1. Residue by residue, what Karplus-based ³J(HN,Hα) values in Hz, rounded to whole numbers, does segment 56-69 have, using 6.51, -1.76 and 1.60 with θ = phi - 60° and x for Gly and Pro?
2. With a sphere of radius 12 Å drawn around the Cβ of Leu155, what net charge do the other residues whose Cβ falls strictly inside it have (Lys, Arg +1; Asp, Glu -1)?
3. Can you list residues from other chains, or at least 5 along the same chain, whose modelled amide H is less than 5 Å from the amide H of Asp36?
4. Take Leu87 and Arg51, extend 7 Å from each Cα along the Cα→Cβ direction, and tell me the distance between the two endpoints in nm.
5. Given H placed on each backbone N at 1.01 Å, which residues far from Val69 in sequence or on other chains put an amide H within less than 5 Å of it?
6. What list of ³J(HN,Hα) values in whole Hz, one per residue of segment 161-170 in order, does the Karplus curve 6.51 cos²θ - 1.76 cosθ + 1.60 (θ = phi - 60°) give from phi, with Gly and Pro shown as x?
7. Points 7 angstrom from Cα along the Cβ direction at Val111 and Asn41: gap in nanometres?
8. Calculate, in nm to one decimal, what Lys169 and Ser150 gain on full extension: separation in residues at 0.36 nm each, minus their alpha carbon distance.
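Laboratory data are not the source of any read-out in this text; all were calculated from the coordinates shown. Everything quoted here is computed from the prediction, not taken from an experiment. Cβ coordinates were reconstructed from backbone atoms using ideal geometry, including for glycine residues, and neighbour counts include every protein chain displayed.
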Amino acid sequence: MRAYLLPVLVLIAAGVAGCSSSTTTTYISGDSSTNDITIHNGIIAVHAPDRADADITAAGDLSISGTSVTVTDAQRDLLKHYYSTALALRDHGIATGNAGIATAGKAISSVASGLISGNTDKIDGEVNASAAKVEAQVALICTDLAGLRSTQETLAAQLPAFQPYAVIKTNDANDCQRDVRDHHRT
């Protein structure tokens, strides 16, 4: 198992703590700490530099700085899709965290079992099989991120008020997918 995998799993596990609460805030980062998306109490808030937050509801309502923005039916559908994709991204993140926790537990168990039995040859295979589940979950996150970016770009093109809130950059989604491909090859 790669030396960096266990610390990453610990960070994932720490990030998942308390995710079942309906008031938990989930962060989906953009390209900096001021460009991000949060999910809290059923509202998606998109933060952009020097701008008031843009809030999106499950019904496809958009408000900026607490003021409702009038949208067409097509724009509302895009906002609903943005909302559902952001939730899918969050849910896949939680599943990845849970898979990471399971992998960390498997690693500890496999190491202990292998050391006690003297059969250390099987440790790597058991841990790698469990880590493959984490990798599969991460791939889903990358797909969700690419989908969220695509929806964001369509929204920004069709809804001028949303343009400043297109915070997910091309390289965010591309880097995620490239990292998964590169990790899979190694």
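1. Working through the residues one at a time gives 10, 9, 4, 7, x, 7, 10, 9, 10, 6, x, 9, 5, 9 Hz.
2. After counting each charged neighbour, the total is +1.
3. Gly30, His47
4. The two pseudo-label positions are separated by 2.3 nm.
5. Amide H neighbours of Val69, under 5 Å, 5+ apart: Leu62, Ser63, Ile64.
6. Listing the rounded values in order: 4, 8, 3, x, 9, 7, 8, 8, 8, 3 Hz.
7. Between Val111 and Asn41, the label points sit 4.2 nm apart.
8. Taking 0.36 nm per residue and subtracting the Cα distance, the gain is 5.8 nm.
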